[in-house]
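Read the structure below first, then the notes.
Just so it is clear, none of the values below were taken in a lab; they were calculated from the coordinates. Since we're looking at a predicted model, the values are computed, not measured. Counting neighbours? That spans all protein chains shown, and the Cβs are built from the backbone with ideal geometry, glycine included.
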Amino acid sequence: MTPYTIDIPQTETDRIWRRVREFEGFSQPDDTDSIDWQYGTEGAYIGELRQYWLDEFDWRAAEAGLNRFPQFTATVDGIDLHFVHEKGSGTSPTPLILLHGWPGSFFEFMECVERFAHPERFGGDAEDGCDVIVPSLVGYGYSGKPPRPLDPRGQAAHMHKLMTDVLGYDRYVAQGGDWGSSIAAWMGFDFGADKSGPCQAVHLNMFGLRAGGDFVGRFGGAGVARLTTDEEKAWARNAAVRIADEMGYQAIQRTKPQTLAFGMMDSPVGTAAWIIEKFHRWSDRREGQHPTGHIENAFTKDQLLTNAMIYITGRCFHTAAWQYRSLAGNPNVVLPKGEKIMVPVGFAEYPGELAPLPPRSYIDQAYGDVVQITHQIRGGHFAALEQPEIFVSDVQGFLKAVG
């Protein structure tokens with residue numbers, strides 16, 4: 001382990017700000033909806049964000065916020081992993097690894113670290129403290145880059161070795177959303193399937209791995225479990241409607257990520273626009289009872305820019321996008337046929353999530369010991385960033401439920 005501090009050279013930040021300043025806007029359709037962004041990222045908002053970026057956004061303050069917890073790097077199978085490691089209060093804190101996905105980053109969990117590690121500072125019991133580990137996934141943020149696309153199961157192996165070989169834990173709990181949900185699930189399957197392995201339990205805020213089966217669907221050509229009940233089929237139809245307009249990004253990142261990367265690696269504004277559109281579409285933007293709302297009902301400009309800058313300063317847009325390329329013809333996005341994850345599992349569903357959780361009957365085909373399913377009233381895909389108090393409380397409840 002080597003201590004690490006985020007300190008981007010001034011020459012690099014000057015280059016980024018110059019490219020932001022040089023960006024030239026372009027026309028929008030005259031029926032663009034400034035709230036719903038039905039054509040994609042809304043030009044007027046990006047123009048507003050760009051001006052804020054140039055005049056008000058303080059990257060050094062953002063760096064200081066990211067550096068407020070101890071950070072390290074360590075080499076795992078030839079790749080340097082970057083991670084936050086905050087040791088918890090109490091006599092025996094539970095090791096908890098928090099796993100992000102795309103287009104998020106370790107930044108998603110920054111408002112949760114202290115709450116997990118030191119609950120007594122927030123009205124809780126110090127004995128419920130956790131040792132909190134928040135890595136940048138391989139190919140993301142300030143972690144090293146893989147030589148080729150790394151699938152979720154491969155990511156899980158790296159994260160497991162971080163917890164055991166580097167940090168020396170003989171037990172831990174994995175939590176994840178987005179790609180992190182699949183990675184955490186694989187950690188439960190590969191490194192705790194007999195309930196006596198180091199991975200003691202898994203908490204997910206997105207439905208990760210599906211059960212394997214004979215049906216050949218869109219999951220990389222892998223066989224997945226069939227939908228058998230009317231409830232399961234209705235869920236699938238509902239999910240298909242909700243995500244119908246959201247998969248364009250995935251198609252290109254799954255097939256031709258390098259083509260996209262040439263534009264994104266060259267343009268800070270382009271990178272921000274590509275990423276922030278997902279924060280808009282996948283968040284809980286409601287204000288009162290309105291079904292949709294402004295993006296800043298969920299996130300501040302500083303939060304949006306800090307996350308985007310991690311991709312820009314880490315020069316990792318391309319390798320993060322490679323994660324989707326790992327789906328092509330790869331069976332490691334569903335479990336082996338007839339097998340289940342047997343460690344205790346908890347699910348949290350947030351109303352702004354891209355797709356709802358499937359019925360319990362479908363979940364049970366892949367997860368053999370589901371001890372908690374909660375349905376939150378606020379929050380979306382980036383739950384830890386949107387609603388840190390709700391997110392932490394839910395995971396803490398799960399930890400108590402599994403002892």
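Brief remarks follow.
- Of all beta bridges that DSSP places with both ends in the chain, some 40 percent have antiparallel geometry.
- Converting phi to 3J(HN,Hα) with the Karplus coefficients 6.51, -1.76 and 1.60 and the offset θ = phi - 60°, segment 274-285 yields 5, 6, 5, 4, 6, 5, 5, 6, 9, 9, 8, 9 Hz in sequence order, with x at every glycine or proline.
- Ordering of 265-274, 153-162, 10-19, 40-49 by packing [mean C-beta count within 10 Å, highest first]: 153-162, 265-274, 40-49, 10-19
- For the options 256, 145, 278, a Gaussian network treatment of the chain with springs between C-alpha atoms closer than 10 Å singles out 256 as fluctuating the most.
- Rounded, prolate or oblate (a/c below 1.5 giving rounded, otherwise prolate when a/b exceeds b/c) for segment 47-117 by Cα gyration tensor: prolate
- The string of couplings for segment 301-313 from the Karplus curve (6.51, -1.76, 1.60, θ = phi - 60°) is 4, 5, 5, 4, 6, 4, 4, 4, 5, 5, 5, 6, 6 Hz, one whole number per residue in order, with x for Gly and Pro.
- Three-way shape label, segment 1-141, alpha-carbon gyration tensor, a/c 1.5: prolate
- Size descriptors for segment 84-175: radius of gyration and Dmax over Cα atoms are 13.9, 46 Å.
- Pairwise centroid distance, computed over Cα atoms, of segment 329-403 with segment 156-192, Å: 15
- Top of 171, 68, 285 by mean-square fluctuation, Gaussian network on the chain, Cα under 10 Å: 68
- Gyration tensor verdict on segment 103-247 (Cα atoms; rounded if a/c is under 1.5, prolate if a/b is larger than b/c, oblate otherwise): prolate
- Label-point gap, in nm, between residue 240 and residue 371 - each point 7 angstrom along Cα→Cβ: 3.7
- Taken one residue at a time, the phi angles of segment 176-182 give Karplus couplings (6.51, -1.76, 1.60, θ = phi - 60°) of x, x, 6, 4, x, 5, 6 Hz. Gly and Pro are set to x.
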